[in-house]
1. Please pick out the residue among A52, A95 that is within 29 Å of M141 (Cα to Cα), of a type in the set (G, A, S) and either at pLDDT below 95 or touching a Phe, Trp or Tyr at 6+ places or on another chain (Cβ under 8 Å) (or both).
2. When you check Y101 against the structure, is it in contact with a strand residue (DSSP E or B) (Cβ under 7 Å, 6 or more places away or on another chain), of a type outside the set (G, A, S) and closer than 26 Å to C123 by Cβ, yes or no?
3. Is it true that some residue in the stretch 178-189 is modelled with pLDDT of 95 or more and either open to solvent by less than 70 Å² (accessible area, probe 1.4 Å) or more than 18 Å from I128 (Cβ to Cβ) (or both)?
4. In the stretch 17-63, how many are aromatic (F, W, Y) and open to solvent by 80 Å² or more (accessible area, probe 1.4 Å)?
5. Which condition breaks for K80 when tested against (1) surrounded by fewer than 17 Cβ atoms within 10 Å (Cβ to Cβ); (2) of a type outside the set (D, E); (3) within 15 Å of the chain's Cα centre (by Cα); (4) not in a strand (DSSP E or B)?
6. Which of the residues spanning the stretch 37-79 are of a type in the set (F, W, Y) and free of Cβ contacts under 8 Å to residues at least 24 places away in the same chain?
7. Considering only residues that are touching a residue at least 24 places away in the same chain (Cβ under 8 Å) and either in a strand (DSSP E or B) or buried (at least 16 other Cβ atoms within 10 Å of the Cβ) (or both), which ones fall in the stretch 121-144?
8. Could you run through the stretch 145-167 and say how many residues are of a type outside the set (V, I, T), within 16 Å of the chain's Cα centre (by Cα) and crowded, with 16+ Cβ neighbours inside 10 Å?
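The values are calculated or read from the model by the stated rules, or taken from the named source; none is laboratory data. Here the structure is a predicted model, which is why all the values come from computation and not from measurement. Cβ sites come from the backbone with ideal geometry, for glycine too, and all protein chains shown count toward neighbours. Heavy atoms of the whole protein, side chains included, go into the accessibility calculation; ligands, DNA and RNA do not. Shrake-Rupley method; radii C 1.70, N 1.55, O 1.52, S 1.80 Å.
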Amino acid sequence: LFTLDLNGQNVDTLIVNSKITIRDSATNKGTINSLTVSSNMTVADLLEEGYAFQRRSDNSWPAETGKTVSNVSVRQTPIKSVTLDTLNAKDNTDAPTTMSYGTTGGVKLSASCNMLDTTLPDCQWYEIGSSLIPIDNAKGMNYFLPDDLTVGTHSYRVTFTKDGYSKSAEITITVTPVSLDGAAVTVGKLTYNGTKQSPTVMVKLNNKQR
C-alpha cells in the first residue's frame with residue numbers, strides 16, 4: 001500500500017483512483033487545495049484511524065463519506081474511535097445481542113470512546129428506523145433497553161461530538177418470540193349483552209405476568 005506523506009508541503013490538486021494512505025508528519029501541516037477520490041472510495045478511506053481532513057478556513061470537519069474536499073489538512077481527530085457493547089445491567093458482564101422477549105430490560109448498551117484528551121464529549125443515542133430518531137434523555141455512556149422491546153430487530157446508534165467532530169457506532173438487537181408452553185392464561189369473565197366485548201387476558205410465565 002502506497003503512503004503519501006505531505007511532510008508539511010502544499011498540494012494544489014490531488015486525484016486518487018486507487019487506495020493509498022495520506023499522512024502529514026510535519027508539525028506545521030500542509031494544505032491540499034483540492035482532493036477527489038474515485039467512485040469506489042470515500043475521502044476517509046485515505047486516512048489512518050484517528051485522523052481526518054480539517055478545513056483550514058474554519059477548522060470544521062468535512063463529511064467522511066464524501067468524495068471530494070478542498071482547502072484541508074490532515075489532523076488528529078478529537079475522538080479517535082468509538083466502541084459499543086451489550087452488557088447485563090446487573091453485573092456488567094457481556095450480554096448477547098439476541099435475546100428473548102421480556103428479558104431486554106436487564107440489558108444495557110454501553111459506549112466508550114478513545115479521545116485525544118480527557119475532556120468529555122457530548123453524547124446522544126438514536127434509534128435507527130426509516131430515519132434517525134434521537135432518544136429522549138439518552139445522553140450518557142449507557143442506554144438501558146426497554147423491558148417490553150417488541151419482537152424483531154432494533155438498531156441503535158451512539159454519537160459522540162467534540163470540537164465540532166462527531167464519531168458514531170451502531171449495533172442491532174434481535175428480540176425473539178417466547179413459547180407459551182406451560183404458561184397460565186386467565187381470561188376475565190364477561191356477561192353476554194349482545195354486543196362485541198373484549199375480555200381481559202392475563203398470561204403468566206416464569207413468574208412474569210402480562
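1. Just one listed residue meets the conditions, A52.
2. Considered against the rule, which asks whether it is in contact with a strand residue (DSSP E or B) (Cβ under 7 Å, 6 or more places away or on another chain), of a type outside the set (G, A, S) and closer than 26 Å to C123 by Cβ, Y101 comes out as no.
3. Of all residues in the stretch 178-189, those modelled with pLDDT of 95 or more come to none.
No: zero hits.
4. 1
5. (4)
6. First, the residues of the stretch 37-79 that are of a type in the set (F, W, Y): 51, 53, 61.
Passing the criteria: only F53.
7. Passing the criteria: P121, D122, C123, Q124, W125, Y126, E127, I128, L132, N142, Y143, F144.
8. Selection size over the stretch 145-167: 9.
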